[in-house]
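What follows is a short report on a single structure.
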Amino acid sequence: MAKMWEGRSSGETNKMADSFNSSISFDSRMYKQDITGSIAHAKMLAKCGIIEDAEADKLVLGLNEILDDLNSGKLLFDEKAEDIHMFVEEVLTNRIGDTGKKLHTARSRNDQVALDLRMYLRDEIAVIGAKIESLIEVFEEKEKAYADTIMPGYTHLQRAQPISFGMQMGAYKSMLKRDADRLLDCYKRLNSSPIGCCALAGTSYQTDRAFEAELLGFDSVIMNTLDGVSDRDFCLELASDLSIIMMHLSRLSEETILWSSAEFGFITLDDAFTTGSSIMPQKKNSDMAELVRGKTGRVYGDMIALFTIMKSLPLAYNKDMQEDKEQIFDAVDSVKACLDIFVGMLSTMTVNEDVMRMAAAKGFINATDLADYLVNKGIPFRDAYKISGQIVAYCIASQKTLEELSLDVYKQFSPLFDQDVYDAIDLFNCLIRRRK
Ligand code: ARG
């Protein structure tokens with residue numbers, strides 16, 4: 001295939017160099033955005049009198065046909081094409097003739113690729129946002145259903161104070177709400193149009209960048225043309241936001257794995273979201289949660305790769321930047337898959353309320369409330385803390401829980417103890433008391 005840039009050079013490159021240089025294997029996924037962008041470009045060129053209206057119509061018709069044919073599978077990507085932009089333009093020119101050669105007036109692949117990527121990621125942000133919303137709904141449902149289900153709350157993975165399983169679910173809901181907010185914020189900065197920046201310095205044609213940006217649903221136009229073609233901060237920002245989502249999901253993964261182990265037994269995952277072992281018949285592994293935990297490393301890797309690719313690049317476009325796409329695409333794909341898996345896994349899990357309740361009964365998670373009881377009777381907190389600690393030590397030695405001690409025993413530690421201590425340390429009361 002002849003090279004688009006044949007002219008200055010013979011256009012003949014080494015086969016290996018050709019395939020090394022080519023990005024169509026991964027940027028073909030932006031074909032819809034590329035064609036939509038080209039349609040708007042043709043319309044803008046006609047509006048500004050740079051091409052004839054009839055020529056624009058021909059371009060638009062041809063582009064729409066390519067879109068239909070790619071959608072239906074009638075037209076296949078040519079792996080020999082350098083990238084999706086070259087491919088579409090070549091097919092167009094082959095199909096409609098010389099008019100096709102006018103499409104690239106007043107633009108360059110540098111602003112075109114920045115445009116396509118922004119449009120592609122804009123669509124993906126909306127998809128991820130909807131998936132986060134679905135997961136938030138699952139958390140919300142669990143938060144309500146298990147509002148009174150007592151479980152031990154942990155710090156340092158040691159039983160600390162009584163909480164409800166609903167509260168734990170609510171914590172993840174809050175995290176994901178902030179994640180969704182962050183994506184919206186990223187979207188605001190991402191949704192600015194680079195098209196018309198051309199190669200780097202803008203164009204000498206009297207174009208209408210605002211018109212083209214509006215046709216494509218952008219909120220603004222990137223005015224500095226060097227900036228428009230050379231920055232990928234929107235990828236870095238999105239990758240950072242995606243990494244934070246994965247960090248949250250990895251904590252949830254870890255808890256899911258722990259909770260579904262025999263040692264905890266707080267939840268039972270549905271068989272549909274677990275796997276067996278090829279050798280140990282008894283195994284039911286939480287592979288999905290483990291994979292999400294593992295993919296967190298992968299998304300962080302994508303983010304770090306993007307930062308490293310962009311570091312120290314001189315303005316404006318450099319071919320290094322072609323490496324941005326596989327990273328950000330991988331991060332987007334991974335996050336989408338992980339969100340979907342969690343929606344399925346959490347909405348089908350069984351919550352073993354009795355086991356949680358039993359775990360809450362051990363570990364003296366009402367010891368803080370015991371100290372608070374004494375504070376309410378007039379003892380300074382530090383002294384109350386010390387007395388309660390002595391009582392816990394006594395319980396450990398005599399293998400009893402705080403609830404099992406008689407009032408006589410309590411009175412040996414402080415004369416201020418009375419019958420109402422049992423209400424004070426009742427786990428459910430401990431939970432309710434903290435509800436604001
Ligand atoms: N395939 C290229 C990329 O992904 C498109 C831009 C190429 N521009 C250039 N002047 N080589 O970045």
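Computed quantities for the displayed model
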{"read-out": "Label-point separation in nm, E254 to N21, each point 7 Å along Cα→Cβ", "value": "4.8"}
{"read-out": "Rounded FRET efficiency, nearest 0.05, which uses the C-beta distance separating A393 from D233 and R0 of 51 Å", "value": "0.35"}
{"read-out": "Probe 1.4 Å - accessible area at D372, Å² to nearest ten", "value": "60"}
{"read-out": "Cut-off 11 Å between beta-carbons: net charge of the residues surrounding F417, Lys and Arg +1, Asp and Glu -1", "value": "-1"}
{"read-out": "Hits among lysines - C-alpha to C-alpha of K362 under 30 Å, sequence gap 8 or more where chains match", "value": "K142, K144, K173, K283, K284, K377, K386, K400, K411, K436"}
{"read-out": "Of the DSSP H helices in the chain, those whose Cα atoms cover at least 15 Å axially and whose Kyte score averages 0.5 or more", "value": "84-96, 233-259"}
{"read-out": "Lys, Arg +1 and Asp, Glu -1 on Cβ, resulting dipole of the chain about Cα centre, debye, nearest 20", "value": "1020"}
{"read-out": "Efficiency of FRET between K336 and N285 - r from beta-carbon atoms, R0 25 angstrom, step 0.05", "value": "0.60"}
{"read-out": "Coil-residue trypsin sites (Lys or Arg not before Pro) of segment 13-106, DSSP, other Cβ within 10 Å capped at 10", "value": "K74"}
{"read-out": "Percent antiparallel among DSSP beta bridges (both partners in the chain, rounded to 5)", "value": "75"}
{"read-out": "Residue among S286, Y300, F264 farthest towards the positive dipole end of segment 260-346, charges placed on Cβ", "value": "Y300"}
{"read-out": "Positive-end residue of S414, S9, F77, charge dipole of the chain with Cβ unit charges", "value": "S414"}
{"read-out": "Spacing of the two label points (7 Å from each Cα toward its C-beta) at F211 and A145, in nm", "value": "5.6"}
{"read-out": "Summed residue charge, Cβ within 15 Å of R357's Cβ, Lys/Arg positive, Asp/Glu negative", "value": "-3"}
{"read-out": "Most to least accessible of D287, D69 (protein chains only, probe 1.4 Å)", "value": "D287, D69"}
{"read-out": "Estimated distance in nm for a label pair at T155 and L61, the labels positioned 7 Å out from Cα along Cα-to-Cβ", "value": "7.3"}
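The values are calculated or read from the model by the stated rules, or taken from the named source; none is laboratory data. For clarity, every value in this text was computed on a predicted model and none was experimentally measured. Note that we place each Cβ from the backbone using ideal geometry, even for glycine, and neighbour counts take in every protein chain shown. Calculation scope for accessible area: heavy atoms of the full protein, side chains included, ligands and nucleic acids excluded. Shrake-Rupley method; radii C 1.70, N 1.55, O 1.52, S 1.80 Å.
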